[in-house]
Amino acid sequence: MDDHPLPSSPPLDLRAELSEFLRTRRARLHPSDVGLPDFGRHRRVPGLRREELAQLAGVSVAYYTRLEQGNGRNVSAEVLDSIARALRLTDAEHAHLTHLAKGKQHKKKASARPQQVRASLGQLLESMEGVPAYIVGRRSEILAWNRMAAALFGDWAELPVAERNWARLTFLRPDYRELFVDWEQKAIDIVCQLRMDAGCYPDDTRLSALVGELSVKSGEFRRLWATHDVKEKSYGVKRMHHSLVGELSLNYESFRMPGDQDQALVTYHAEPGSASAQALRLLASWGTDATRVAPTA
């Protein structure tokens, strides 16, 4: 049971989500991006016009207009594929469009039960000495972690269950803003992944409540949520500034869990022989005490 469960909230409006997603994807394209002539006529809004997008997708303007107004009933996979190509959607964006447009046929039902991590995965985390690692689930909830993750990110065991959430930590905790050198990119990643969850689970009232709370408490969250950008968990480099060991540049990898694609194992490692690798070894020697030690002068 969660220590402080989120209040219920109305589910997301799929029609409105579909409308805004298509509108924002269309707005980011210019005629020259897709090989259409630009005659320099005044454009009241940025991006492609609806008729230009319909032409590229091979559908009628009236059909596309209905779709952009949120009416995705009976739309075929072939038409969605054509629109995705015309809008130059990524694989994640294409999947999100399908979830929004197909609605009842494709939506998943979120269980009210707390997400569970298999015991063997917990054992795997603990065996990864020297590698900060954790498992994240739906709604950016942090489900399990190892000793090194606690040393790097803070001891999440000291937080109420409801606070063990990357979106809450990123947008509502000043210490996490200081931890990530490129905080804006971390924030973007979190919001993009929440959007993917929202498309998969439009009836998840706990997710809706989380979005509502963050929208009230954080103007930055509201700004990023309004972009309708989506992205799957991936890999890359994160730069951090830890209060004990200073600057770190760490490579991260995300692995979807077999048997539960809503869970992902996320690991961080440093280039061998680098200053960051040395810093991780120092953190390993401190363990969770690293979160309680003030930096020396």
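Against the conditions (1) closer than 22 Å to Lys102 by Cα; (2) at pLDDT 90 or above, where does Asn74 fall short? Just the number, please.
The number of the failed condition is (2).
So Phe180 clears everything in (1) at pLDDT 95 or above; (2) in contact with a Cys (Cβ under 6 Å, 6 or more places away or on another chain) except one condition, right? Which one?
For Phe180, the exception is condition (2).
List every residue pair whose Cβ atoms lie under 7 Å apart, where the two residues are 6 or more positions apart in sequence or sit on different chains, the first residue falls within region 271-297 and is within 13 Å of Gly130 (Cβ to Cβ), and the second residue, located anywhere, is surrounded by fewer than 13 Cβ atoms within 10 Å (Cβ to Cβ) and modelled with pLDDT of 60 or more.
That search, which allows pairs on different chains as well, returns Ala277/Glu271.
How do the strands (runs of 3 or more DSSP E) wholly within region 204-297 filter down when requiring 1 or more residues that are open to solvent by less than 70 Å² (accessible area, probe 1.4 Å) and modelled with pLDDT under 90: which remain? First the steps, then the outcome.
Numbers: elements: 235-242, 246-257, 260-269.
Those strands (runs of 3 or more DSSP E) span 246-257, 260-269.
Quick check on this structure: which one of His42, His4 is loosely packed, with under 15 Cβ neighbours inside 10 Å, at pLDDT below 90 and either in contact with a Leu (Cβ under 7 Å, 6 or more places away or on another chain) or farther than 30 Å from Gly137 by Cβ (or both)?
Numbers: His4 fails: either in contact with a Leu (Cβ under 7 Å, 6 or more places away or on another chain) or farther than 30 Å from Gly137 by Cβ (or both).
One residue alone meets the criteria, His42.
Of all residues being under 14 Å from Arg85 (Cβ atoms) and part of a loop (DSSP other than H, G, I, E, B) in region 45-71, which is modelled with the lowest pLDDT? Just the residue, please.
That would be Leu48.
Taking only pairs six or more apart or across chains, which ones have beta-carbon atoms under 6 Å, a first residue in region 248-262 that is more than 24 Å from Glu178 (Cβ to Cβ), and a second residue that is not basic (Lys, Arg)?
Glu253/Tyr235; Glu253/Thr267; Phe255/Leu265; Arg256/Ala264; Met257/Gln263; Asp262/Gly137
The values are calculated or read from the model by the stated rules, or taken from the named source; none is laboratory data. Note that the coordinates shown come from a computational prediction; the quantities given were computed from them, not determined experimentally. Neighbour counts run over all protein chains shown; Cβ positions are idealised from the backbone, glycine included. SASA here: full protein model, heavy atoms, side chains in, ligands and nucleic acids out. Shrake-Rupley method; radii C 1.70, N 1.55, O 1.52, S 1.80 Å.
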